[in-house]
Amino acid sequence: AELDRAEQSQLAAVETARRTLAELTPRRDAVAAEEQRLMRQIAEVDASQSELRQLVSRLQGHVRDGYCPLCGEDHGSQAQLVQRIQTHAARDGASAARGELVAVRSKAKELGEAIAADQQKLTAAEKLLAGFKTERERLQSDLGGFATQAAKLGIVLEGAGSTPLEQAQALATRLRAELAELERERGQATAARDAARTLLTDRKSTRLNSSHLVIS
């Protein structure tokens, strides 16, 4: 009975673990897909900015004063124009995507750890269930041997009925009742025998008395 309860508990644990895995796995896959998308986006922006920096570097070779050779706007001096060009070129166009990637990777790590922990629980529960199967076979073998020995004593084991102890007690009660009945019957037989003896004695005595009367 204890094994049945423990087995039901582990079966429930297995079901819970599998249900949790079924919920977490698609989320992990979605996060992994989002991570790949962001990585591609960052790679594309980085490639574009690398090309832009090369172009800006070449553009700076055409700066002679404060006027931008592209838009023609006066930036005051050559040094100020070059500084603005370098500042603009140094801006990270993928900074937002990098921030999202950090958050996505953090989420992916959490999901991975949760899945690993749940998988560990599932493995442990399945291992216990396998052990319960072996233990059940051993107990069934022991119960079979016990049932054989009990049968020799007139005790019939029933899986859903009374316990062996209750059956033994019932057997003892029945035997005591049978012994009491035998004692009663023996008492009746003894009483009948004594009555017969008394009757026989009385008859013998009567015949002897009759003989004395005849002789007299």
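The values are calculated or read from the model by the stated rules, or taken from the named source; none is laboratory data. Given the structure is predicted, the values throughout are model-derived calculations rather than measurements. Neighbour counts are summed over all protein chains in view; Cβ atoms, including those assigned to glycine, are modelled from backbone coordinates with ideal geometry. Note: areas computed on protein heavy atoms with side chains; ligands, DNA, RNA excluded. Shrake-Rupley method; radii C 1.70, N 1.55, O 1.52, S 1.80 Å.
Residue-wise test of (1) modelled with pLDDT under 70; (2) touching a helix residue (DSSP H, G or I) at 6+ places or on another chain (Cβ under 7 Å); (3) closer than 30 Å to residue 5 by Cβ.
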site	(1), (2), (3)
30	no, no, no
41	no, yes, no
50	no, no, no
73	no, no, no
90	yes, no, no
99	no, no, no
105	no, yes, no
124	no, no, yes
Note on segment 27-59: residues charged (D, E, K, R) and without any contact (Cβ under 8 Å) to a residue 40 or more places away in the chain are 29, 37, 40, 44, 51, 53, 58
Residue under question is residue 116, and the condition is that it be farther than 30 Å from residue 22 by Cβ, open to solvent by less than 70 Å² (accessible area, probe 1.4 Å) and either at pLDDT 85 or above or among the aliphatic types (A, V, I, L, M) (or both); does it hold? no
Residue count, segment 25-47, condition among the aliphatic types (A, V, I, L, M), crowded, with 17+ Cβ neighbours inside 10 Å and within 17 Å of residue 108 (Cα to Cα), comes to 2
Pairs returned, first residue in segment 6-22 that is within 18 Å of residue 136 (Cβ to Cβ), second residue that is surrounded by 12 or more Cβ atoms within 10 Å (Cβ to Cβ) and aliphatic (A, V, I, L, M), beta-carbon separation under 6 angstrom, 6 or more apart or interchain, are 10/125; 10/128; 10/129; 13/125; 14/125
